[in-house]
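Here is the structure we will look at.
None of the figures in this text is laboratory data; all of them are computed from the coordinates on show. This structure is a prediction, so every number in the text was calculated from the model and none was measured. Note that each Cβ is placed from the backbone with ideal geometry, even for glycine, and that neighbours are counted across all protein chains shown.
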Amino acid sequence: MSINTILAAFTLGGALLLLPSSFGAQDAVKGKLATAKNMKCTFPLVAIGTWAGEQPKAEMKPAKLVLQFEDINADEGTARLEGSVGGTYDIIVRYAGGYLHFIQSFLDGPLYTTTVLEKQTSSGKLKAMHSRHEYTDFALPGFTSSPEQYYGECEILK
């Protein structure tokens, strides 16, 4: 038996010993977001972007956006968004490294994303942001017509 074969066997054996413990360590790092099933998010502040002529600009305004996510399954990548207008939407979910992303892509173009962080606010809820990538040439009150970025927090519901 050559020295290379012996070294390869020891390396492989060591890797196999470490492999299960590294998977366990990854699971231990996952926080409560990875297993959340229902969540309510409130966003009291929004930045609305637009283009004034050729230059982009943004304006901060108070907001009252509330989103409720149900049947969250980060392992399967699925959830439902309970909409205040238009009913319930099936959406995509991704969990990675302390971030829980909700992705809603509409057939007619717009893209909405909500990201919840594994970081607490002063009230003990989780920091969150919600983005709307949408644009129309005219504004309709009560509807998204320009890019929007909301800031707020989410709470995991039982």
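When the chain is fully extended, how far beyond the present Cα-Cα distance does residue 111 get from residue 158, taking 0.36 nm per residue of separation?
Working: separation 47, 0.36 × 47 = 16.92 nm, distance 2.83 nm.
Gain on stretching residue 111 to residue 158: 14.1 nm.
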Positive-end residue of 112, 133, 48, charge dipole of region 32-157 with Cβ unit charges
48
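Could you compute the FRET efficiency for residue 90 and residue 133, with r as their C-beta to C-beta distance and R0 at 25 Å, rounded to 0.05? List each step's numbers first, then the result.
Numbers: r = 19 Å, r/R0 = 0.76.
E(calc), rounded to 0.05, equals 0.85.
Can you pull out the GluC sites (Glu not before Pro) in region 27-83 that DSSP calls coil and that have at most 11 other Cβ atoms within 10 Å? Display every interim value, and only then the final one.
On the way: sites: 54, 59, 70, 76, 82; in loops: 54, 76.
Counting only loop positions with at most 11 other Cβ atoms within 10 Å, the GluC sites (Glu not before Pro) in region 27-83 are 54, 76.
What net charge do the residues around residue 153 carry, taking every other residue with its C-beta under 11 Å from that of residue 153, with Lys and Arg at +1 and Asp and Glu at -1? Kindly include the intermediate steps, with their values, before the conclusion.
Numbers: positive: 40, 119, 125, 127; negative: 155.
Net of charged neighbours comes to +3.
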Roughly how many debye, to the nearest 20, is the charge dipole of region 32-157 about its Cα centre, given +1 on each Lys and Arg Cβ, -1 on each Asp and Glu Cβ, and no other charges?
480
Reachable lysines from residue 37, criterion Cα separation under 27 angstrom, eight or more residues apart if same chain:
64, 119, 125, 127, 158
Can you tell me, using C-alpha contacts under 8 Å and at least 6 residues apart, the relative contact order of region 32-157 as a whole percent?
27
Going residue by residue through region 57-62, the Karplus relation 6.51 cos²θ - 1.76 cosθ + 1.60 with θ = phi - 60° gives ³J(HN,Hα) values, rounded to whole Hz and with x marking Gly or Pro, of 8, 9, 10, 8, 9, x
How far apart, in nanometres, would the label points at residue 146 and residue 76 be if each is projected 7 angstrom from Cα along the Cα-to-Cβ direction?
4.1
